[in-house]
Amino acid sequence: QVQVVESGGGLVQAGGSLRLSCAVSGIIVSFNVMDWYRQFPGKQRELVAAITRLGTTNYADSVKGRFTISRDNANNTVYLQMNSLKPEDTAVYYCHTGTVLTNYWGRGTQVTVSS
């Protein structure tokens, strides 16, 4: 059974930093593309960052240069380091992975950036 559990969200002032963690069990993170998405109220989830099996990373334009996705293979965990946070980064952040047959999502972690 695959489990995806996010943590690390919270309230931070604009310009501050947070590191989100995504603990995964049931699959090996280094064997899969791992993503972070976020969802604004009333909006669809949008891709924030992804890391491939080879370690290649991709970012949404809105977070390039501020967010960094990384992977700890030993702990089967994926991280999202978020720096220079802005109020418009306020959202629920979700960790995701999947196969051609199934998507796996965590329950999300709330990030709130105050101005």
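The values are calculated or read from the model by the stated rules, or taken from the named source; none is laboratory data. Because the structure is predicted, anything quoted here is derived from the model rather than measured. Neighbour counts run over all protein chains shown; Cβ positions are idealised from the backbone, glycine included. For accessibility, only protein heavy atoms count, side chains too; no ligands or nucleic acids. Shrake-Rupley method; radii C 1.70, N 1.55, O 1.52, S 1.80 Å.
Listing for the model above:
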item: Heavy-atom accessible surface of the chain: percent carbon and sulfur, 1.4 Å; result: 48
item: Ranked by how many other beta carbons lie within 10 Å on average, peptides 53-61, 78-86 from highest; result: 78-86, 53-61
item: Contour minus Cα-Cα distance for Arg53 and Val33 (0.36 nm per residue); result: 6.6 nm
item: Dipole magnitude of the chain about its Cα centre (Cβ charges: Lys, Arg +1; Asp, Glu -1), debye to nearest 20; result: 20
item: Selection of trypsin sites (Lys or Arg not before Pro), the range 54-88, meeting DSSP coil and at most 16 other Cβ within 10 Å; result: Lys64, Arg66
item: Accessible area per residue in Å² at 1.4 Å probe, computed on the range 1-104; result: 54
item: Neighbour-limited loop hits for trypsin sites (Lys or Arg not before Pro), the range 16-50 (at most 13 other Cβ within 10 Å; DSSP other than H, G, I, E, B); result: Lys43
item: Principal axes of the chain: Cα extent on each, largest first, Å; result: 39, 27, 23
item: Pairwise Cα inverse-distance average, inverted: Kirkwood Rh of the range 1-61 (Å); result: 13.4
